[in-house]
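The values are calculated or read from the model by the stated rules, or taken from the named source; none is laboratory data. Note that the structure is predicted; figures quoted are calculated from it, not measured. Here Cβ is always computed from backbone atoms with ideal geometry, including for glycine, and neighbour counts include all displayed protein chains.
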Amino acid sequence: MKKSLSLSALGACAAAMMAATSPAVLAQGAPEVTLTRMADCGTTQAPTEVNVRFSDTWAFPGLKTTFTYSCYLIKHGDDYMMWDTGQPLAAPNVAPKTSLPAQLAQLNLKPENIKFVGISHYHGDHTGQVASFPGATLLIGKGDWDGIIAPKPAAGVNVALFTNWTTGGGKVEPVVGDKDVFGDGSVIMLNTPGHTPGHHSLLVKLAGMGPVVLSGDLAHFHENYESDGVPGFNDNRANTIASIDRVKKLTKTIKAKVILQHDSRDVNKLPEFPNAAK
C-alpha cells in the first residue's frame with residue numbers, strides 16, 4: 001500500500017474547503033443548482049455476503065447487503081456535470097437496461113450538453129459509460145489518472161473507455177486535492193483517497209435540501225461507514241480511515257446529508273427520476 005496522506009496535504013485540502021464554502025462565495029443570486037439521481041446505472045444485485053471481501057477485520061458475519069449502482073446529474077445554471085457513469089451496457093448480469101444518453105433525452109438533454117464528467121474513481125462500475133461524453137472535460141483524481149495512463153494500468157481499469165482522453169481527443173483535468181468545479185463553492189470534489197489513490201467524493205450544496213455528499217466508494221454500505229470499516233481490496237487502509245473521518249467531520253460541521261452510492265437504503269434520499277433535488 002502507498003504512503004498515507006501527509007499532514008501538509010490534509011491542511012491544503014482543509015484550506016481549500018474553507019475558502020470554497022465561505023458564505024461570501026455563495027452570493028445571493030447564484031446559479032440554481034439541482035441534483036438528479038439517474039434512473040438506471042446498473043442492475044441491482046441480489047443481497048451479497050460482505051464479511052470477508054468488504055471487511056478486512058471480518059466484522060460482519062452473516063451480513064448480506066443489497067448493492068445498487070448510481071450516477072448523478074448536477075445542473076449549475078446552464079451548465080451540467082455528470083458524476084460517475086455506472087456500469088457498461090455490456091456488463092454481464094448488472095448492465096443498465098437504459099443508457100445514460102437515453103435517460104438524458106428524457107430530460108431534453110444530449111451528451112454534448114454535459115460540460116464536465118466527474119469520476120469518483122477508476123473502477124468499471126463507476127466509469128462504464130464515460131465514453132458517451134467525449135465533449136466533456138474529464139475530472140478525475142490525479143492518482144487515478146496516473147493509474148489509467150500507466151504502462152501497466154491499475155487493477156480494475158478499462159483503459160479503452162478513456163481512449164478519447166488518453167489520446168488527446170478530449171480535455172482532462174487530473175485533480176489534486178479538492179476541486180471547486182464551478183468556482184463558486186456550490187459543487188466541490190472532495191479528496192478522499194483510500195479506496196483508490198485518487199478517489200474523490202462530491203459535495204453538492206442545494207438551496208432547499210442543503211448540502212449533500214455523494215460518497216463514491218468512500219464506504220460501500222452503512223455498517224462500514226459507521227464503523228470506519230475497510231475492504232481488503234482498498235488501495236490504502238490508513239487513507240481510507242482518514243477520508244471517512246474527514247467526511248464525517250465535514251458533514252457534521254455543515255450539516256450535510258451523506259448518500260452512500262452503493263447502498264440501496266440510500267436510494268430514496270433523493271427524488272425519483274426524472275425529478276431533481278433542489
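At-a-glance table
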quantity	calculated
Positions within region 78-101 being buried (at least 20 other Cβ atoms within 10 Å of the Cβ) and farther than 20 Å from Ser201 by Cβ, in sequence order	Pro88, Pro96, Leu100
Residue list for region 172-220, filter: surrounded by fewer than 23 Cβ atoms within 10 Å (Cβ to Cβ), in contact with a strand residue (DSSP E or B) (Cβ under 6 Å, 6 or more places away or on another chain) and part of a loop (DSSP other than H, G, I, E, B)	Gly177, Asp178, Phe182, Met209
Residues within region 229-246 that are among the hydrophobic types (A, V, I, L, M, F, W, C) and buried (at least 20 other Cβ atoms within 10 Å of the Cβ), tallied	2
Any hit, region 238-248, residues being charged (D, E, K, R), at pLDDT 95 or above and in contact with a Gly (Cβ under 9 Å, 6 or more places away or on another chain)	no
Residue list for region 17-65, filter: within 22 Å of the chain's Cα centre (by Cα) and modelled with pLDDT under 75	Met17, Met18, Ala19, Ala20, Thr21
Residues (buried (at least 18 other Cβ atoms within 10 Å of the Cβ), part of a helix (DSSP H, G or I) and either in contact with an Asp or Glu (Cβ under 8 Å, 6 or more places away or on another chain) or without any contact (Cβ under 8 Å) to a residue 60 or more places away in the chain (or both)) located in region 247-265	Val247
Region 148-180, residues that are at pLDDT 95 or above, more than 14 Å from Val130 (Cβ to Cβ) and among the aliphatic types (A, V, I, L, M)	Ile149, Ala150, Ala154, Val175, Val176
Residue within region 100-117 that is in contact (Cβ under 8 Å) with a residue 24 or more places away in the chain, among the basic types (Lys, Arg) and in contact with a strand residue (DSSP E or B) (Cβ under 6 Å, 6 or more places away or on another chain) present	yes
Of all residues making up region 85-140, the number that are under 14 Å from Leu161 (Cβ atoms), of a type in the set (A, V, I, L, M) and in a helix (DSSP H, G or I)	3
Some residue of region 110-124 being surrounded by fewer than 18 Cβ atoms within 10 Å (Cβ to Cβ) and touching a helix residue (DSSP H, G or I) at 6+ places or on another chain (Cβ under 6 Å)	no
